[in-house]
1. Take the range 99-175, drop everything but the C-alpha atoms, weight them equally and run the Debye formula without solvent; then report log10 I(q)/I(0) at 0.16, 0.18 Å⁻¹ to two decimals.
2. Take Thr57, Thr156 and order them by how many other Cβ atoms sit within 10 Å, fewest up front.
3. Report the net charge of residues surrounding Trp14, where surrounding means a beta-carbon distance below 14 angstrom and charges are Lys +1, Arg +1, Asp -1, Glu -1.
4. What does the charge count around Asp42 come to, taking other residues whose C-beta lies under 15 Å from its C-beta (Lys +1, Arg +1, Asp -1, Glu -1)?
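Derivation of every value follows stated rules applied to the coordinates shown; laboratory data play no part. These figures come from a predicted structure and were not determined experimentally. Here Cβ is always computed from backbone atoms with ideal geometry, including for glycine, and neighbour counts include all displayed protein chains.
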Amino acid sequence: MSNQPLMPKATAVWLVENTALSFDQIADFCKLHPLEVKAVADGDSAQGIKGMDPIQTGQLTREEIEQAEADPDKRLKLADPKVRLPEAKRKKGPRYTPVSRRQDRPNAILWLVRNHPELKDSQVMRLVGTTKSTIEAIRDRTHWNAANLQPMDPVTLGLCSQIDLDLEVHRAAKEKPVEMDQGATLLPAEITTARHAPEPDDKAEGEELDVERVFAKLKQIGGKPDEDEE
């Protein structure tokens with residue numbers, strides 16, 4: 001519950017005009033500075049404000065006012081309301097767009113669709129205060145004024161703030177991460193090392209080939225093996 005009366009200054013005006021309460025008592029009840037209450041009493045403040053009776057609104061009782069008038073040290077207390085009204089829940093809906101800016105919404109939608117395709121229709125609706133059918137028509141180029149639309153930043157147009165736009169883009173990026181082409185990847189070390197390591201059989205075959213080349217070379221130059229000399 002609020003700790004101050006409804007329309008504090010109007011209540012202070014009524015108490016100054018209709019009671020013998022001190023400035024401090026009225027200031028304490030209305031949550032005002034005593035100098036403000038003195039200015040009200042002197043006619044320097046709250047001119048043209050009609051006083052509001054706190055007794056009629058159920059915020060004070062006549063008996064409590066009379067007790068406070070008799071005792072300057074007594075402080076008035078706000079009475080509990082007899083009827084408690086539930087707090088009205090604020091319904092979430094499309095962002096309100098001023099009439100002067102509504103003609104710019106299709107241009108802003110086109111800008112968002114082109115520059116931030118990751119945004120959902122519901123996010124675009126929150127940013128510029130439009131409808132799903134309008135977004136689909138602009139995306140499909142079936143909008144009645146599609147030929148004349150020009151993409152324009154909604155922040156520049158004043159349809160949303162940069163903070164709101166960045167927040168929606170960040171949310172969309174978290175839900176739909178951009179997949180980047182990593183290109184060719186390196187093979188594991190086990191495969192690359194095994195591929196280039198020489199096998200034992202290859203080395204043996206290489207040695208035999210070298211011996212055969214030596215004997216063939218000797219025959220070409222006319223040399224004889226040692227066993228032929230014996």
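1. Here log10 of I(q) over I(0) equals -0.50, -0.64.
2. Ascending Cβ contact count within 10 Å gives the list Thr156, Thr57.
3. Numbers: positive: Lys9, Lys50, Arg62; negative: Glu17, Asp53.
Around Trp14, the charge tally is +1.
4. Once positives and negatives cancel, what remains is -1.
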